[in-house]
Every structure is written in structure tokens, then in C-alpha cells.
1. What number, rounded to the nearest 500 deg cm²/dmol, is the helix-based mean residue ellipticity at 222 nm of the chain, given -39500 (n - 2.57) per DSSP H run of at least four residues and division by all its residues?
2. Based on the alpha carbon coordinates of the stretch 24-64, what radius of gyration and maximum Cα-Cα distance (Dmax) apply, in Å?
3. Quick one: P(r) of the stretch 155-215 from all Cα-Cα pairs, 10 Å bins, percents rounded to integers, in order of increasing distance.
4. Calculate how many DSSP beta bridges within the chain are antiparallel, expressed in % of all such bridges and rounded to the nearest 5.
5. Counting pairs of alpha carbon atoms under 8 Å apart in space and at least six apart in sequence, what relative contact order in percent does the chain give?
6. Pulled fully out, how much extra length does the chain show between residue 92 and residue 217, if you take 0.36 nm times their separation in residues and subtract their Cα-Cα distance?
7. Among 85, 90, rank each residue by its count of other Cβ atoms within 10 Å, from fewest to most, as a rough exposure measure.
8. Which of these values of Cα extents along the principal axes in Å was calculated from the structure shown: (1) 67, 41, 34; (2) 66, 41, 31; (3) 75, 36, 31?
């Protein structure tokens, strides 16, 4: 009987390591988005490259952010991206990073009289963001009294452009891309400086996390990450 338990203890770690890693993400172009039946984006391509390099099997599914974050925290072998690594989330996940380094800024509709010069001044306005997004936590921690929550970034941006909210937080890199694409938006104040990452359920074995991190390090070191930023209209860190 002892021999049977010993053999089972050897087999279960192997089974866990050979299981598919299940990636979940949201529609947040140009980092993650769907084009027809194909998932694309600067983060999506990095994840595919690092998993292929690491020789690991995986699946990928797009859904509302709150559900994606919930699955990654509650379901074995699940990982979520593109996820800000902050103090509140640090101990809840295992991390592979960085997929991106960027500042988060509060933006307004171009020509709007809303023009805060500080975060304290910004608190006088209605700010929209996505439910369970890290920016919701930042806004709440900084005492913003009027926070409007939507299911995804596209809806939040639509609310901004139609005057239903005054301000919204987005990655500075994404703001730069939207401006180049002609979006009628303007930046006001910096909300935070962030590292965007892959956040994995604690059940994902450390050995897999290590292989994923090593492969991401290669994607960064050989210039692939910067080339992907350029491909999707995002300035690399060196260009900022």
C-alpha cells in the first residue's frame, strides 16, 4: 500500500505539469483583441511565443474582465493577462512579467472643460473604468467619490466620448496609439505607474512558472517585445 501511495505522489506532479495552462483575457486592444475568430494583440502574441518556446500546451479565451480575473484566482491552471501587478494582487497569484511597462493616465474628451491638474482636482469629476479593473482599486484607494463601472474598456471609452463620464484611466501607451489613430481625447494627469503581467493561479507549478518566465525573458532580450509594440502602434520603452 505504501508503494502505491509513493507512486501516486510521483505521478500527480507530472500530471499537473503536463496539463494545459488555460489563459483568460479581455478585449483591450491593442494588447488583446479578437479579429474574426483569431486572437491578436501585443500581449496575445507574447503569450503565444513564450508558451511555444517553453514547450507548454495552452488554451486561450476572451471574456469580460471581472470573470477572467475571477477564473484565474479560483480555478486551477488558469492564468489571466494583461494584468497589473500591484500590492493588492501580489499574494493572490504567481507572476510572469513584464508584458508591458507603462503609466496610467486620466483622459478627457478633446475640448472638454474638464481639466484637472492634480488627482485631488480630478476627484471633483465622474470617472469611468471597468469593473474589477486595477484602476477601480486605485480610484477607490485615492478617494474618488464618483466612479462609473462598465464591463469593458470600449464601453467606458464610448461613455467618455458621449459625455456620460468626465474622465477615464488608460495605459499611456494605448492613449498614444488612440491619439495617432485620430481619437478625440486628451491626457490630463498621471494616475499610476504600472507593470502589466501574466497572473497565474497558485496551483500552476513553480517549474512551469519558471519556464514561462525564462521564455518571456528571451522575448524581451532578443527585441521581439519591442517589435511587437511597434507592430501594434505602441511606443517601446526606449522610444518613450
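Every number here is computed from the coordinates shown, using simple stated rules; none is lab data. All of these numbers come straight from a predicted model, not from anything done at the bench. Here the Cβ is made from the backbone with ideal geometry for all residues, glycine too, and neighbour counts use every protein chain on show.
1. About -11500 deg cm²/dmol.
2. Cα radius of gyration and Dmax of the stretch 24-64 are 10.1, 28 Å respectively.
3. Histogramming the stretch 155-215 at 10 Å steps yields 17, 34, 20, 21, 8 percent.
4. DSSP beta bridges in the chain are roughly 65 percent antiparallel.
5. Relative contact order for the chain comes out at 29 percent.
6. 42.7 nm
7. Fewest-to-most ranking of 85, 90: 90, 85.
8. It is the one labelled (3).
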